[in-house]
Amino acid sequence: MNLTAEEQEIFDGKHGETLAKVMRTVVSYGDMFGAKRLVPLDKPVHLVTSFGVTMLKPLYDIMEELTESELKVKMPFTVDPRPFDNNLDNNFIESLLFRLVYGKQKKYEQQLFAVGLKDKKAFSCTCYMPEVGNVPEKGDIIAWAESSAVAYANSVIGARSNRTSAIIDLFCGILGKTPEFGLLTDEGRKADWIVIVETDTLPPAQILGSAIGIKVQEDVPYIKGLGKLLKNLSKAQINDYLKDLGAAAASNGAVGLFHVEGITPEAKESGQNLIKKEASEYVINDNEIRQIKNSYPILWKNKNSEPDLCFIGCPHLSLQQLEEWTNSLHNSLKQKGMKRLKIKTILTAAPDVIDKFKQNEKMYTRLKETGAFLSAACALMALTNPLYKKKKVITNSNKLRTYTTARYYNDSEILNLLTE
Ligand code: F3S
């Protein structure tokens with residue numbers, strides 16, 4: 001990689017040994033991917049490592065060294081959700097286990113603050129929500145690590161981020177620079193696949209994303225035929241749909257960027273010029289959607305067990321989704337003459353989104369009356385609690401389904417199960 005004189009000085013240790021290690025690590029990382037230079041970051045980094053799990057000793061040692069050397073990021077950053085919070089309605093033993101598994105949480109959060117964490121509420125995988133405020137603009141260079149957030153920033157916003165590795169994200173934030181390769185380049189943003197959606201109605205975002213991820217893996221898809229199915233949705237609803245589609249594609253494959261014809265900013269601007277000549281084709285019809293959903297394994301010992309717990313909000317819900325779920329739950333209970341949800345239900349969203357939601361007293365009361373809980377934790381990390389692992393969990397998140405024993409249902413199925 002070609003370094004500027006200033007970068008070379010840092011690399012050579014003229015600005016301290018720890019900063020040199022940071023630079024050398026980022027340069028080695030860039031070299032591995034064939035990067036030719038470092039480019040400046042336009043917006044803050046977003047870190048994926050939000051959890052103080054006891055066994056991650058090297059992480060705490062790195063953070064300690066950074067703090068002792070008084071190294072900080074150039075712009076205050078955000079980080080993925082905490083692994084648990086008090087709003088999960090844990091019993092005493094569950095709380096105790098969380099504190100054992102994540103025994104370093106408090107110390108690690110202090111370390112995050114020392115290197116430039118934005119504030120106490122900066123814990124969410126949807127840092128790009130306006131309420132949270134780590135919102136890049138089209139064309140901005142960023143270095144994020146959370147896969148669902150990278151897919152959103154690249155695709156829906158048109159910012160430029162690779163799927164940066166954990167800790168490299170922080171190091172890039174300290175340098176204020178990131179290696180230029182892959183999705184940071186015009187060529188790297190071109191589509192390897194044309195995905196043609198031929199379903200009769202709008203497919204669930206989670207299943208469509210899953211189908212795309214399984215097929216294209218880490219490639220870039222250009223999706224046709226979806227625009228007309230999204231035409232009755234508001235701009236905010238389309239963004240939410242693409243958020244969930246991207247998270248599923250990023251977890252069932254490694255998609256970091258997708259274009260949607262006529263919808264996403266680069267597809268609007270450049271249209272089919274974004275498609276590589278040798279691009280392959282993948283047609284998704286109703287049958288394909290059905291087959292993908294039916295292929296999800298059910299990992300419960302007894303497939304007919306009653307669910308114990310329902311998680312909605314992986315990735316974290318937007319304010320609009322939170323309000324939509326509140327109304328759906330409320331209306332469905334009312335219709336069926338029920339007072340409370342049948343299954344313990346946790347809706348997760350960013351702390352700032354939850355605060356905004358609570359300002360609407362009518363809405364907040366309506367949600368509380370259903371018996372649902374509001375948490376800012378990460379559902380996936382919450383399920384690492386050995387006691388949670390034993391529970392029969394249902395979810396509308398394909399990402400959560402992929403990484404845990406949770407069982408996937410579409411939104412309408414979840415609503416029925418909660419209020420039948
Ligand atoms: Fe977010 Fe945790 Fe799901 S980081 S995307 S809630 S796995």
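The values are calculated or read from the model by the stated rules, or taken from the named source; none is laboratory data. In this text the structure is predicted, and so the values were computed from the model without any measurement. A quick note on method: Cβ atoms are made from the backbone with ideal geometry, for glycine too, and the neighbour counts reach across all protein chains shown. Only protein heavy atoms, including side chains, enter the accessible area calculation; ligands, DNA and RNA are left aside. Shrake-Rupley method; radii C 1.70, N 1.55, O 1.52, S 1.80 Å.
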By the C-alpha gyration tensor axes a ≥ b ≥ c (rounded if a/c is under 1.5, else prolate when a/b exceeds b/c, else oblate), the shape of region 302-420 is oblate
Anchor residue 231: lysines whose Cα lies under 17 Å away (excluding residues fewer than 8 positions away in-chain): 243, 268
Classified through the alpha carbon gyration tensor (a ≥ b ≥ c as square roots of its eigenvalues; rounded if a/c is under 1.5, else prolate when a/b is larger than b/c, else oblate), region 121-198 comes out oblate
Around residue 334: net Lys/Arg minus Asp/Glu count, Cβ-Cβ under 11 Å: +2
Quick calc: nm separation of the 7 Å Cα→Cβ label points for residue 412 and residue 67 -> 5.2 nm
Pop the C-beta distance of residue 276 and residue 31 into the FRET formula with R0 = 25 Å and round what comes out to the nearest 0.05. 0.50
Residue 309 neighbourhood, Cβ < 9 Å, K/R = +1, D/E = -1, net charge +2
Reduced to Cα centres, the span from region 312-390 to region 271-296 in Å works out to 32 Å
Calculate the dipole size of the chain relative to its Cα centre from +1 charges on Lys and Arg beta carbons and -1 charges on Asp and Glu beta carbons; express the result in debye to the nearest 20. 1460 debye
So, for the chain, what is the accessible surface per residue at a probe of 1.4 Å, expressed in square angstrom? 43 Å²
Applying the gyration tensor rule to the Cα atoms of region 187-293 (axes a ≥ b ≥ c; rounded if a/c under 1.5, else prolate if a/b exceeds b/c, else oblate), the class is rounded
CD proxy, 222 nm, the chain: helix-only mean residue ellipticity via -39,500 (n - 2.57) per DSSP H run with n ≥ 4, per residue, nearest 500, stands at -12000 deg cm²/dmol
Share of the chain's accessible area from carbon and sulfur, percent, 1.4 Å? 51 percent
Calculate how many DSSP beta bridges within the chain are antiparallel, expressed in % of all such bridges and rounded to the nearest 5. 10 percent
Output needed: percent of Cα pairs per 5 Å distance bin for region 5-184, bins running from 0 to the one holding the longest distance. 1, 8, 17, 20, 19, 15, 11, 5, 2, 1, 0, 0
Which peptide among 257-270, 222-235 comes first, and what is the full order, when sorted by highest mean count of other Cβ atoms within 10 Å? 257-270, 222-235
